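*Asks:* Would you mind keeping the following structure in view while I ask a few things?
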Amino acid sequence: MNHSLRLLVLALALMASASCSRQITRVSPDQQIDLSGRWNDTDSQLAAQALTQQVLSQNWIEDFQQEFNRKPVVIVGLIYNKSSEHIEADTYIKDIEKSILNDARVRLVQAGSKREDLRQERADQQDFASKATIKKWGQELGADFILQGDINSIIDSHKKEKVRYYQLNLELTNIQTSELVWMGDKKIKKYVNR
């Protein structure tokens, strides 16, 4: 019994020390915190802001408006992760879409699975909505341009030092003509010393 009591006391001591070792603090989502040196939310936001500022400051918007007398319509397509680590491209895509939408010089349409969800809702309305509120087929706003890109990385390391280099590339293409109207990139380099 003496042995069992010692094991119980030891187990309780281990549990008490483990529960006290972690501290969690709420911080502002805008605060830059870089723990691992890998891609993070700050990188996503900085890259999206820089690239959308680049694409929206070029002449393709004015050229389109002069020719067609309306705002161009953009869809954000796929952004491929070609890096050596897992990067959730959806957060980066949302940051890009938000920056484009907030600029208001171009119109933005839904892409991918969200567009399919909208189409499914429209299909459901054909059977279940009142005639006064039903949304018609064939009324979607067609995109004039598609924004696509990729995320690449290079890792260089020696002993406890590591350099992480990211290059984000975006291209804007005229959907009607397949003409490439803009290309841009954002580079991020991080030095990690452990």
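*Asks:* For the chain, what is the accessible area per residue in Å², given a 1.4 Å probe and the full set of protein chains?
*Replies:* Ligands and nucleic acids excluded, the result is 71 Å² per residue.
*Asks:* Show me the three semi-axes of the equivalent ellipsoid for region 63-149, from the C-alpha gyration tensor (sqrt of 5 times each eigenvalue), largest first, rounded to whole Å.
*Replies:* Each semi-axis is the square root of five times an eigenvalue, giving 28, 21, 10 Å.
*Asks:* Using a probe of 1.4 angstrom, how much of the accessible area of the chain is carbon and sulfur, in percent?
*Replies:* 52 percent
*Asks:* Looking at ALA143, GLN126, GLY112, which one has the Cα that reaches farthest to the positive end of the dipole of region 94-155 (charges on Cβ: Lys, Arg +1; Asp, Glu -1)?
*Replies:* Of the candidates, GLN126 comes out farthest on the positive side.
*Asks:* Please state the charge dipole magnitude for region 38-193, taken about the Cα centre, from unit charges on C-beta atoms (+1 on K and R, -1 on D and E), reported in debye and rounded to the nearest 20.
*Replies:* Dipole size: approximately 380 debye.
*Asks:* May I ask you to derive the relative contact order of region 36-194, considering only C-alpha pairs under 8 Å and at least 6 residues apart, and to give it as an integer percent?
*Replies:* 27 percent
*Asks:* State, to one decimal in nm, how far the label point of ILE154 lies from the label point of ILE175, with both points 7 Å from Cα in the Cβ direction.
*Replies:* 3.6 nm
*Asks:* If the limit is 30 Å between Cα atoms, which of LYS98/LYS160; LYS94/LYS190; LYS135/LYS186 go over it?
*Replies:* LYS98/LYS160; LYS135/LYS186
*Asks:* With label points built 7 Å along Cα→Cβ from the Cα atoms of GLU161 and ILE146, find their separation and express it in nm.
*Replies:* The two pseudo-label positions are separated by 4.4 nm.
The values are calculated or read from the model by the stated rules, or taken from the named source; none is laboratory data. Not measured: the values here are computed from a predicted model. Heads up, the Cβs are rebuilt from the backbone with ideal geometry, glycines too, and the neighbour counts pull from every protein chain shown. Side chains included, ligands, DNA and RNA excluded: accessible areas come from the protein's heavy atoms. Shrake-Rupley method; radii C 1.70, N 1.55, O 1.52, S 1.80 Å.
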